[in-house]
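Take a look at the structure below.
The values are calculated or read from the model by the stated rules, or taken from the named source; none is laboratory data. Predicted, not measured: the structure shown is a model, and the values here were computed from it. Here the Cβ is made from the backbone with ideal geometry for all residues, glycine too, and neighbour counts use every protein chain on show. Quick note on the areas: whole protein, heavy atoms, side chains included, nothing else; ligands and nucleic acids left out. Shrake-Rupley method; radii C 1.70, N 1.55, O 1.52, S 1.80 Å.
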Amino acid sequence: MKYNVISYLIGEGIRNVFKNKKSTISALTVMFLCMVIFGIFFILSENISNIMNTVEEAQGFSVFFNLGTSQERISDVGEQIKTLEGIKNIEFISGEESLNEYKEGLGERGSALNGMEENFLPDAYKVTLSDLSLNEQIQQKVTEIVGDDLEEIVSGDDEIAIIMNIGKGIRIFTLVLLMILILFAIVIISNTIKLSVHARRKEISIMKYVGATNSFIRWPFIVEGMIIGIVAALIAVLIVGLGYNAIIPGLSESNIVQKLEITFVSFNDMFNLLMIVYFVLGIGIGIIGSSISMKKYLEV
Amino acid sequence: MIEFRNVSKTYITGTEAVNNANFVIEKGEFAFLVGSSGSGKSTLIKLILKEEEPTSGNIIINGKDTTFLKKNRIPYLRRSMGVVFQDFRLLPDKTVYENVAFAMYIVKATPKHIRRQVPMVLSLVGLSAKAKMYPNELSGGEQQRVALARALVNNPSMLIADEPTGNLDPDTAWDIMMLLNEINMRGTTVIVATHAKDIVDRMKKRVIQIDKGNIVRDDKKGGYDSEV
Ligand SMILES: Nc1ncnc2c1ncn2[C@@H]1O[C@H](COP(=O)(O)OP(=O)(O)OP(=O)(O)O)[C@@H](O)[C@H]1O
Ligand SMILES: [Mg+2]
């Protein structure tokens, strides 16, 4: 019995979709465009956060010790820093290594430094962070741990802040855009369903005389909204996927991308999430949009 | 059973459509509702269907006072009554069979029950042969039979008809009234609002006459006018 009622309601919903071809197609188009626009920004933000992750991985600061700090003290400090939260990696770089690196950097002219007896460069730890937002906090703790032996901490604080702000900005923008598109799509869907309800008002009034409950009357229209949402989602994911896979290979070979060593996220990695978002959006908007438009008609 | 206790209805426009109506229609009865145009017959029917709320008074249907019935219970009240109207109100894009089956889907009947019940009620109204036709392929009388079949298919305890023969020629109108009579003979309470004087006079059924919202006559075996 359940099966029968459900198949009837779905059948009616499908009938609605085809009955109002014009408004169905326009709602479908708008919904599809909203989803594509969202999809583009979703992919953009996924890629940017991917790029940012690789940039972030290298971010951190260096702790320089006063000349003459004992090796025991330095390794003791190293152990303490390791236990701090938000530390990804900590690497010891001795003064000698720094000097050699420096010399290499100077090339031919570096040989001039060969005569130097004593190393004037301090020992250091290079600390990278797993959580950039803890940057300041960690630096403060490190300062406390090293105490009097600290020469200085050198870090790219400004770059860290910029990276974090860009990331935050894009995420917020995508979210706001999503909200606007959702609202827009709800209005469009509810308008379509309104037309559909209007076209079937005679049927609805007969249903009421025969004793149909409001939820029963409502279902075919909700199904109609859901179908529009699902179809829009399917087309959108297809177009966005094909478009992405068509553009990326060419883009990857371009000079700038090669120079900046940017790698793109493969569409397959984003597919599942995008698909889920699309379907939740499609079905959700379908249900909400049709419920809004039914409210008025079902009074009395 | 339908009971009106001191029921009045004043529309928001100020029109007093029903004024202190009191009557009881017992289970299995056949009653005509007569009166000139605008006297309040349709309003009375809308009150029974709970399409309109009474301004004051109580309406008791099958032993239950519907005055304070919750909105979401109204569909279940309506399942106990079949309704037909002057304009048939069939769905043009559904066949005769589908128009009738439609009423059963709505009350979530089983497919088996639908397959059994629809042909039965179509044969009751004499339309078995036209099950696959569309409303615009039928005469007015046939369309009203479809509407009757739809009203009856869920076995309501009462049938309410608002000018069911208003759009039909006298012979067809008589056939429809005879069908209503047959339905009544099978135990269904039947209430018919009508202007069809000849038929009311011939059938010698109970007549409730309403004039400007007041019930002015209630004859057990009456005619359209009080002199008959
Ligand atoms: N929805 C409404 N709002 C305001 N006034 C109404 C409404 N429906 C009916 N009326 C008024 O109530 C009165 C009774 O109307 P009703 O339709 O009940 O008459 P009736 O007896 O069915 O007439 P007819 O025989 O022409 O169908 C009329 O004066 C009508 O104008
Ligand atoms: Mg009337």
Exercise. What whole-number value in cubic angstrom gives the convex hull volume per residue for the C-alpha atoms of chain A?
Worked result: 183
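Could you rank the peptides B:192-202, B:63-73 by their average count of other C-beta atoms within 10 Å per residue, with the highest value first? Don't skip to the end; give the middle numbers.
Working: B:192-202: 19.3, B:63-73: 11.8.
Per-residue mean Cβ counts within 10 Å order the peptides as B:192-202, B:63-73.
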Exercise. In peptide B:70-79, what is the residue-averaged number of other protein chain Cβ atoms found within 10 Å of each Cβ?
Worked result: 4
Seminar exercise, completed: Averaged over the residues of B:100-111, the number of partner chain Cβ atoms within 10 Å of each residue's own Cβ comes to 5
Exercise. At a 1.4 Å probe, what is the % contribution of carbon and sulfur to the accessible area of region A:60-155?
Worked result: 44
Problem set entry | Percent RCO, i.e. relative contact order, over region A:60-155, from Cα pairs under 8 Å lying at least 6 residues apart | 53
For this session: If a/c stays under 1.5 just call it rounded; otherwise compare a/b with b/c (prolate if a/b is bigger, oblate if not). Do that for the protein assembly as shown, with a ≥ b ≥ c from the square roots of the Cα gyration tensor eigenvalues.
Result: prolate
Exercise. Across peptide A:198-207, how many C-beta atoms of other chains are within 10 Å of each residue C-beta, on average?
Worked result: 3
Problem set entry | Mean shadow area of region A:173-253, taken as a quarter of the surface of its Cα convex hull (nm²) | 7.2
For this session: Working from Cα positions, state the angle (0 to 90°, nearest 10) between the long axis of helix A:21-57 and the longest principal axis of chain A.
Result: 10
Seminar exercise, completed: Amide H neighbours of A:Ile87 at under 5 Å, excluding residues fewer than 5 places away on the same chain, with H built from the backbone geometry, are A:Ser130
Exercise. Per the Debye formula with a single identical scatterer at each Cα and no solvent contribution, what log10 I(q)/I(0) holds for chain B at q = 0.07, 0.14, 0.18 Å⁻¹?
Worked result: -0.22, -0.89, -1.37
Problem set entry | Segment B:Thr13-B:Ser37, length gained on full extension (0.36 nm per residue, minus Cα span) | 6.8 nm
Problem set entry | Range of Cα positions in region B:114-187 per principal axis (Å), largest first | 33, 30, 16
Exercise. How about region A:210-228: which of its residues lose at least 20 Å² of accessible area in the presence of all protein chains relative to their chain isolated, using a 1.4 Å probe?
Worked result: A:Val210, A:Gly211, A:Ala212, A:Thr213, A:Phe216
Problem set entry | Whichever lysines have a C-alpha closer than 23 Å to that of B:Lys46, once near sequence neighbours (fewer than 8 apart) are set aside | A:Lys202, A:Lys208, A:Lys295, A:Lys296, B:Lys9, B:Lys27, B:Lys64, B:Lys70, B:Lys71, B:Lys197, B:Lys205, B:Lys212
Exercise. How much FRET efficiency would the formula 1/(1 + (r/R0)^6) give for A:Ser252 and A:Arg171, where r is the Cβ-Cβ distance and R0 is 22 Å, rounded to 0.05?
Worked result: 0.35
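Using protein heavy atoms only (no ligands, DNA or RNA), what is the total accessible area buried between A and B, 1.4 Å probe, nearest 100 Å²?
Buried: approximately 2100 Å² between B and A.
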Problem set entry | Mean Cβ count within 10 Å, highest first, over the residues of peptides A:4-17, A:281-294 | A:281-294, A:4-17
Seminar exercise, completed: Membrane-span-like helices (DSSP H runs, Cα span along own axis at least 15 Å, mean Kyte-Doolittle at least 1.0) in chain B -> B:96-106
Exercise. If r is the Cβ-Cβ distance from B:Lys71 to B:Lys221 and R0 is 56 Å, what FRET efficiency results, to the nearest 0.05?
Worked result: 0.90
Seminar exercise, completed: Scattering profile of region A:159-300 from the Debye formula, Cα beads only, expressed as log10 I(q)/I(0) at q = 0.13 Å⁻¹, is -0.74
Seminar exercise, completed: Shape call for region B:87-210, from the Cα gyration tensor axes a ≥ b ≥ c (a/c under 1.5 means rounded, otherwise prolate when a/b beats b/c, else oblate), comes out prolate
Seminar exercise, completed: Cα pairs beyond 15 Å in region A:60-155, in percent, come to 61
Exercise. What aspartates and glutamates sit close enough to A:Lys19 to cross-link, taking a C-alpha to C-alpha distance under 13 Å and skipping anything fewer than 8 places away on the same chain?
Worked result: A:Glu224, B:Asp93
Problem set entry | Global geometry of region B:76-154, whether rounded, prolate or oblate, following the gyration tensor of its Cα atoms and the 1.5 cut on a/c | oblate
Exercise. Between A:Ile262 and A:Leu67, what is the FRET efficiency for a Förster distance of 41 Å, r being their Cβ-Cβ separation, to the nearest 0.05?
Worked result: 0.50
For this session: Starting with the highest mean, order B:123-134, A:59-70 by the number of other Cβ atoms within 10 Å, averaged over the residues of each peptide.
Result: A:59-70, B:123-134
Problem set entry | With every protein chain in place, chain B: carbon and sulfur % of accessible area (1.4 Å) | 49
For this session: Per DSSP H run of n ≥ 4, the term is -39500 (n - 2.57); total these for chain A, divide by its residue number, and report the mean residue ellipticity at 222 nm rounded to 500 deg cm²/dmol.
Result: -25500 deg cm²/dmol
